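These notes are about the structure you will find just below.
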Amino acid sequence: MNGQAFSLNEPSWSPAEKKIARKAFDQALTRQCGAIAAKAKTMMMAASTPQDLWEIHDYLSEQRRIVDQSYDYRYSVLLTVFASLLSKGWLTLADLAGLHEDKLKKIDELAKFGSKPAYWHG
């Protein structure tokens, strides 16, 4: 890419890569929230008892916890976040096209191992 030095420990992000990363991050979040909304709508349509409502509440609460733990836009952890989203199907390598080749390789390798960020609590 632009001849910039690259370290997997502390990767640097060019302005172009930052735009690509932000777009991919937002796309993954939109996809995941869309899937959550679709399931919640299906659950609402089928709800017929008070217990059904609490189950919907529990589902949404759990999904919020998962989303809150999955999405961290700090550049120091973004490769691992992308790997986790890739392994879960919320992100594709095509979404990340334009990132430095070494970043893409690291994301792909981590995703193959079902990577979760080191700070992951789930």
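Computed from the coordinates by the stated procedures, all read-outs in this text should not be read as laboratory data. This one's a predicted model, so the numbers in the text were calculated from it and none came from an experiment. Every residue, glycine as well, gets a Cβ built from its backbone with ideal geometry; the counts of neighbours run over all protein chains shown.
Before moving on, here are some points about what is shown:
- Here the stretch 22-42 is scanned for amide nitrogen atoms under 16 Å from the site 7 Å beyond the Cα of Asp52 along Cα-to-Cβ, giving 39-42.
- Reachable lysines from Lys18, criterion Cα separation under 26 angstrom, eight or more residues apart if same chain: Lys88, Lys103, Lys105, Lys106, Lys112, Lys116
- Under the shape rule built on the C-alpha gyration tensor, where the axes satisfy a ≥ b ≥ c, the stretch 15-112 is prolate, since a/c reaches at least 1.5 and a/b is greater than b/c.
- The fewest-to-most ranking of Ser87, Ser48, Ser12 by surrounding Cβ atoms within 10 Å reads Ser48, Ser12, Ser87.
- Cross-link partners for Lys23 among the aspartates and glutamates, with Cα-Cα distance under 13 Å and sequence neighbours closer than 8 places in the same chain left out: Asp95.
- Around Glu62: net Lys/Arg minus Asp/Glu count, Cβ-Cβ under 13 Å: 0
- In this calculation the C-beta distance from Glu109 to Tyr71 is compared with R0 = 25 Å, giving a FRET efficiency of 0.75.
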